[in-house]
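Notes for the one structure printed next.
We did not get these values from a lab; they are worked out from the coordinates using the rules stated. Treat the numbers as computed from the prediction; the structure is a model and nothing was measured. Here Cβ is always computed from backbone atoms with ideal geometry, including for glycine, and neighbour counts include all displayed protein chains.
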Amino acid sequence: MKISRLHIDGFAVEDYQTITKEDIAGGDLLLKGGNRSGKTLTINALLYALYGPRATLGIQPGRTSTVEIQFDNGHQLHRGGGGRSYDDGTEEVEKEAAEDLLEELIGPEDITTLQFVHSETDKLPLSRLSKPQLIQSIRQIIGSNLQQELEDYRDERDSLEQEIEQVRRTELAPVQRELEEIDIGQVESRLEKIEKLQSLIDTGRIEIIRDRLLENEELNEELQDLYDRKRTIEQELRKKDRQLREARRYTQEVNDLILNAIEELSCPVCDQVVAESTANHRLDRGKCPHCGQDRSLDDLKTNLRSRVESADDTVNQLEAGIEELKEEQAEIENEIDSIQASIPDLSDLNDLTKFTLEDNNYDIEAVAERTKNELEQHRAEVDRLNTQKQSLEEERDEIQDSLDEMDESLEQVTERIDELERDSFEEIVMSFQEKWSENYEAPCWRIGP
């Protein structure tokens, strides 16, 4: 579509209350005039009509500003008084619907605004591009034969990055979580105590320990109280350790989510990737970055920040709580060691031996039977956990090997992209200068000095 009529009323400055241009014809639209003749004002008015006050250059339109554009196909665009409408001759739509229809007809804002060349050089779209982005734009303009090859490599790079992230998230992470949940150390520690108790039974030392405890009821109760407190602390420590792992995992998952959102946005339903430019454009207009529907993201952003901060606070609180419990545990163990040091016959006593005696009413035969059963169960459990751990480690290593291969391929593709961009830069600049001069000189004789 091309502009055929333009009407500007009350836009920004008093010197140009009304500008109307009828029957605009030709190809490209060129604005010519002296200083303060309205060139930049007209460009700003066009940008305002198309995309609102956010797109203007150093000028803030008032609520009474009105801009009307008529296109060569008869469609009309109107913006002013805080509203906007688009009329295609059969139907008039307003507000967001008008912007959606306009974008569908002329393209997204970041592409359309590239066509506006004005005197605010520091605000020109090209001036805001990075060197790689600028080179890519030049290639597109001059039709470099390297462009397709570069695009193919970039597509391959993007595909590899998505595949790597998918494997890390859906294959590697679950295996690592399973490995973290396997607590062989705790089972082995209890097995070691059971084996020690079995040794006390085999050597007859268990009877001496039993006799000393029964001889001194006050000492027995004191030790029982200390071991009860120690067991309670150990249970609380295990609970907090699990909570801490979960909180750290949640924080890491949120951080990964934010990182992924920066690099790419994928639909949570179909897992299709939404282009970053499209997502940013939708966000700027207050729409959902996934589906483009109108919605406020303020609550979502606030909720996400709140959850991240809450998770961080939880981690800090759990770490502080664990440290306090460990200090209390150390104090109790020192008290137990002090008591046992004063009575040599109790030097081999530990919490498992004490609780086993207590639970079986100090009956040595019952203690021996229970110890035998627990010994078999815990040895079998250690074997099972070791087998499970080995299997998961092998699975993890296979996934990691696959990721390493993909990372290597990604590195090679990235190096090839860098090589193509670097080696062709001089040729691209020269070709662009020639094409720019050719296109610039063509209209110069018509513009005049």
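Take each peptide in 347-357, 311-321, count the other Cβ atoms within 10 Å of every residue, and average; sorted highest first, the result is 347-357, 311-321. Computed from the alpha carbon positions, the gyration tensor of the range 210-250 leads to an equivalent ellipsoid with semi-axes of 37, 7, 4 Å, biggest first.
Here 382, 187 are placed in order of increasing Cβ neighbour count within 10 Å, fewest first, which gives 382, 187.
Taking the Cα centre of the range 371-420 as reference, the dipole from Cβ charges on Lys and Arg (+1) and Asp and Glu (-1) amounts to some 640 debye.
Which trypsin sites (Lys or Arg not before Pro) in the range 23-93 pass both tests, a DSSP loop state and at most 16 other beta-carbon atoms within 10 Å?
Answer by residue number: 32, 36, 63.
Too long at a 23 Å Cα-Cα cut-off: which of 196/389; 193/326; 39/95; 193/239; 193/230? The pairs that break the limit, which is 23 Å between Cα atoms, are 196/389; 39/95.
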